[in-house]
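Reviewing the structure listed below.
The values are calculated or read from the model by the stated rules, or taken from the named source; none is laboratory data. In this text, all values refer to a predicted model and were calculated from it rather than measured experimentally. FYI the Cβ positions are ideal-geometry reconstructions off the backbone, even for glycines, and counts take in every protein chain you see.
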Amino acid sequence: MSTSKGSRTTFEDMLVKTGLLNGSSEKVWSEVKCFIVSIRTAGTMWYLSCPKCKKKVVEESNSTCQHCNANYDNGKYRFIMSAEFADTTTSIWATIYDELAEKILDGRTADELQKMELEEIKDVCNTIKGKELIGLFMSRDETYEGNTRIKHSLSKLLPFEAVRETETLLKEIYDYLNI
Ligand SMILES: [Zn+2]
């Protein structure tokens, strides 16, 4: 089994590999053809970022960034979404950050969504259920307050290319036939 970046795999294999991390700082990269099952709309979907340093700001009355002291009145909301992805083997939850989340939501920005009512946000998220994609996922162990757990995030959307899809399919057939 190849562990090189960009080799096509399944979520099942990805979970087997990430299960072997054992708290190390190694990263597992997996390219998986999958679809979106759902997007979590309960809880945080975005954060307000400082226009100067881009870091997350904690909203306070004086609108001053805690990191660089800039005024964040013109701050931008950035996505930090949690989504469930599935392929033919199993499903996983992964984090999707700003630009990729915008692409997945057909160009809608976090600034737009944070002005919407929850029902409207749910409608937007429902429209992309079942959306097919080829994603490059990055998985690693994260330790928080003494507990280690695997975190997956989507790091890239890869284009569907007819030739490449055919090659991948042929490779799967050859592997299956053992030739
Ligand atoms: Zn700042």
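Search the range 146-167 for residues that are over 23 Å from G19 (Cβ atoms) and pair each with any residue that is exposed (fewer than 11 other Cβ atoms within 10 Å of the Cβ) when their beta-carbon atoms are under 7 Å apart and the residues are at least 6 apart or on different chains.
Within 7 Å, no pair qualifies.
Within the group E99, E119, which residue is modelled with pLDDT under 95 and either within 24 Å of A42 (Cα to Cα) or of a type in the set (D, E) (or both)? Outline the logic, then answer.
Working: E119 fails: modelled with pLDDT under 95.
After ruling out the rest, the residue left standing is E99.
Mind checking whether some residue in the range 110-133 is among the aliphatic types (A, V, I, L, M), within 17 Å of E31 (Cβ to Cβ) and surrounded by 14 or more Cβ atoms within 10 Å (Cβ to Cβ)?
Yes, some residue in the range 110-133 is among the aliphatic types (A, V, I, L, M), within 17 Å of E31 (Cβ to Cβ) and surrounded by 14 or more Cβ atoms within 10 Å (Cβ to Cβ).
Which residues, counting only those in the range 161-172, are surrounded by 10 or more Cβ atoms within 10 Å (Cβ to Cβ) and out of contact with any strand residue (DSSP E or B) (no Cβ under 7 Å at 6 or more places or on another chain)?
E161, R164, E165, T166, E167, L169, L170, K171, E172
Checking S82 against (1) closer than 22 Å to V28 by Cα; (2) surrounded by fewer than 17 Cβ atoms within 10 Å (Cβ to Cβ); (3) among the hydroxyl-bearing types (S, T, Y), which single condition isn't satisfied?
The one condition S82 does not meet is (2).
Only residues that are farther than 21 Å from C34 by Cβ and assigned to a helix (DSSP H, G or I): list them for the range 114-130, please.
Across the range 114-130, the qualifying residues are L118, E119, E120, I121, K122, D123.
Check whether at least one residue in the range 45-62 is in contact with a Ser or Thr (Cβ under 6 Å, 6 or more places away or on another chain) and modelled with pLDDT under 90, and report yes or no.
no
Each row is one residue, and each column tells you yes or no for (1) among the small types (G, A, S); (2) farther than 20 Å from E142 by Cα.
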| position | (1), (2) |
| --- | --- |
| R8 | no, yes |
| V16 | no, no |
| L20 | no, no |
| I39 | no, yes |
| G43 | yes, yes |
| E60 | no, yes |
| T64 | no, yes |
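Restricting the range 73-97 to residues that are within 16 Å of the ligand (Cβ to nearest atom) and in contact (Cβ under 8 Å) with a residue 12 or more places away in the chain, which is farthest from C125 (Cα to Cα)?
N74
Suppose we filter the range 83-113 for residues that are within 19 Å of the chain's Cα centre (by Cα) and outside any strand (DSSP E or B); how many remain?
Selection size over the range 83-113: 19.
For residues that are modelled with pLDDT of 85 or more and part of a strand (DSSP E or B), tally how many sit in the range 138-179.
Qualifying residue count for the region: 18.
Any idea how many residues of the range 44-72 are surrounded by fewer than 13 Cβ atoms within 10 Å (Cβ to Cβ), within 8 Å of the ligand (Cβ to nearest atom) and within 23 Å of E102 (Cα to Cα)?
So the count comes out to 0.
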